[in-house]
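Undergrad: Quick one: the structure is below, questions incoming.
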Amino acid sequence: MRLFALCILASFLATGILGAATNRTDRAERISPATGGTNDPVEAAYKKLLAEDDAAQEEVDQWIKDNEKFAAAGAGLPPADLNRRIRERFDPVRKGYEDFIKQHPKHARARIAYGSFLGDINDEDGAQEQLEKALELDTNTPSVYNNLANIYGHHGPVKKSFEFYARPLQLNPNEPVYYHNFGTTVYLFRKDAIEY
């Protein structure tokens with residue numbers, strides 16, 4: 001039974017299901033502390049970018065659901081075609097983030113949102129880069145530490161993930177996702193956790 005539970009948890013980590021859960025907190029944090037007034041053109045452009053990201057994510061989610069239904073009836077798109085279509089849908093969003101960050105390199109929330117986007121499309125190297133840059137700009141956003149800890153838990157060094165899980169629990173001790181992710185990593189890497 002223990003081996004079965006370990007396999008299930010490992011598959012969640014490998015498929016990114018736990019990573020998706022972490023984005024729930026990102027969505028709230030990426031909009032909240034506005035730096036300018038409601039008429040600030042930078043904030044307006046940022047909010048527009050977030051809306052484009054959300055719209056693309058929703059559209060792709062619907063495509064995936066529809067294709068699963070069609071595939072069950074024997075008429076779905078081949079995975080390669082669906083993946084190409086998804087990539088093409090996400091390309092303008094990616095370019096939008098890149099352009100915005102090029103114009104506003106110190107906009108921490110844009111880097112967090114872009115890191116979340118990259119994580120959602122399975123570009124963990126790109127996500128890590130953006131989250132580390134966001135952390136240089138703002139050391140008080142718990143989801144940044146949590147998401148970096150998840151990445152370190154996936155790719156190493158695992159012991160670094162324990163260090164990074166401690167910070168969001170200090171910054172926002174009422175967020176259950178942080179405890180869940182930390183507990184899962186401790187369970188999967190008990191020996192490393194003990195050594196840490």
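The values are calculated or read from the model by the stated rules, or taken from the named source; none is laboratory data. Remember, predicted model here, so these are calculated numbers, not experimental data. All Cβ positions, glycine included, derive from the backbone under ideal geometry; neighbour counts span all protein chains shown.
Undergrad: Could you count how many residues in segment 136-166 are closer than 18 Å to residue 107 by Cβ and either among the small types (Gly, Ala, Ser) or surrounded by fewer than 20 Cβ atoms within 10 Å (Cβ to Cβ) (or both)?
TA: 6
Undergrad: Something else now. Filter segment 69-88 down to the residues that are over 25 Å from residue 150 (Cβ atoms) and surrounded by 15 or more Cβ atoms within 10 Å (Cβ to Cβ) and list them by number.
TA: 76, 77, 82
Undergrad: Within segment 89-127, track down each residue that is of a type in the set (S, T, N, Q) and surrounded by fewer than 15 Cβ atoms within 10 Å (Cβ to Cβ).
TA: Within segment 89-127, 103, 122 meet the criteria.
Undergrad: Here's a check for you: in segment 117-161, which residue that is of a type in the set (Gly, Ala, Ser) and more than 22 Å from residue 173 (Cβ to Cβ) is farthest from the chain's Cα centre (by Cα)?
TA: Of everything passing the filter in segment 117-161, 156 is farthest from the chain's Cα centre (by Cα).
Undergrad: Report whether or not residue 71 is hydrophobic (A, V, I, L, M, F, W, C), assigned to a helix (DSSP H, G or I) and free of Cβ contacts under 8 Å to residues at least 40 places away in the same chain. Walk me through how you get there before you give the answer.
TA: Numbers: hydrophobic (A, V, I, L, M, F, W, C): yes; assigned to a helix (DSSP H, G or I): yes; free of Cβ contacts under 8 Å to residues at least 40 places away in the same chain: yes.
Yes.
Undergrad: So which helices (runs of 4 or more DSSP H) stay within segment 85-196 end to end and still have 1 or more residues that are of a type in the set (Asp, Glu) and free of Cβ contacts under 8 Å to residues at least 24 places away in the same chain?
TA: Filter on segment 85-196 gives 124-137.
Undergrad: Being charged (D, E, K, R) and more than 12 Å from residue 144 (Cα to Cα) is the filter; apply it to segment 162-182 and report the residue that is modelled with the lowest pLDDT.
TA: Within segment 162-182, the match that is modelled with the lowest pLDDT is 163.
Undergrad: Separate question: If I filter segment 50-87 down to residues being in contact with a helix residue (DSSP H, G or I) (Cβ under 9 Å, 6 or more places away or on another chain) and of a type in the set (D, E, K, R), which single residue comes out as farthest from residue 110 (Cα to Cα)?
TA: 85
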